[in-house]
Structures are given as C-alpha cells and as structure tokens.
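As structure tokens, the structure follows; a few thoughts come after it.
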Amino acid sequence: MKLVIMLYLKEDDAVVAELLERHGVAVYSRLPLEGHGTGMPGWYGEVAPYSSSMVFTVLDAARAEELLEAVALCTGCRDPSHPIHALQVDVERMADSGSAAQ
C-alpha cells in the first residue's frame, strides 16, 4: 500500500478533485493549509502566506503510480509557478480500531 499526499493552492481544488475522480480515488481526506516561503528577488523577508490544501489517500501501488503520473502530466493549475505537488510514501502497516493490525 502507498500513502499519496498532494499539496496545492486552494484555487486548484477543482483540478485536484477531477484528478482524483478520473483515477477512481473515492476515499481521501482534504485539509486546509497555510503555506509559507521566502521572498523572491526584489522582495524582502517572507511573502504573504498561501491559502493551500492537502489531500491524502491510501492506494495500492499501481493506482498510486497512475495518480502520480496524472499529476506530472497535469497542466490545469491556475498558476503554473505553483504546481500540484504529489508525494508517494510506503505504508508498512495499517490498523483499524477494534481489529488486528495488518
């Protein structure tokens, strides 16, 4: 199993929702985030915080790979300088309350 985490600007919620739907991801969690970064040339200090979101889901390896490929090919972001970021992490074990660990 793989944990897939996607980080993106709030304005791209619809793009991410479409990616998830198109690739059969029906179960996921979404959280609001405040992104921070350093200033750019001509700016001093930090830029204003970004209104961002994070989606995470657990998928089998093949579906996780398919979703990451779809993110890599996605060109629908409102601001191309702030792309959708996707991370894939191995899941070693899982447990649900009231059941044996897997």
Exactly one of Glu46, Glu21 is surrounded by 10 or more Cβ atoms within 10 Å (Cβ to Cβ) and modelled with pLDDT of 95 or more, and that one is Glu21
Suppose the filter is part of a loop (DSSP other than H, G, I, E, B), modelled with pLDDT of 95 or more and either out of contact with any His (no Cβ under 7 Å at 6 or more places or on another chain) or not polar (S, T, N, Q) (or both); does Val27 pass it? yes
So if I check each of Ala61, Ala95, which one is surrounded by 10 or more Cβ atoms within 10 Å (Cβ to Cβ) and aliphatic (A, V, I, L, M)? Ala61
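The values are calculated or read from the model by the stated rules, or taken from the named source; none is laboratory data. Not measured: the values here are computed from a predicted model. A quick note on method: Cβ atoms are made from the backbone with ideal geometry, for glycine too, and the neighbour counts reach across all protein chains shown.
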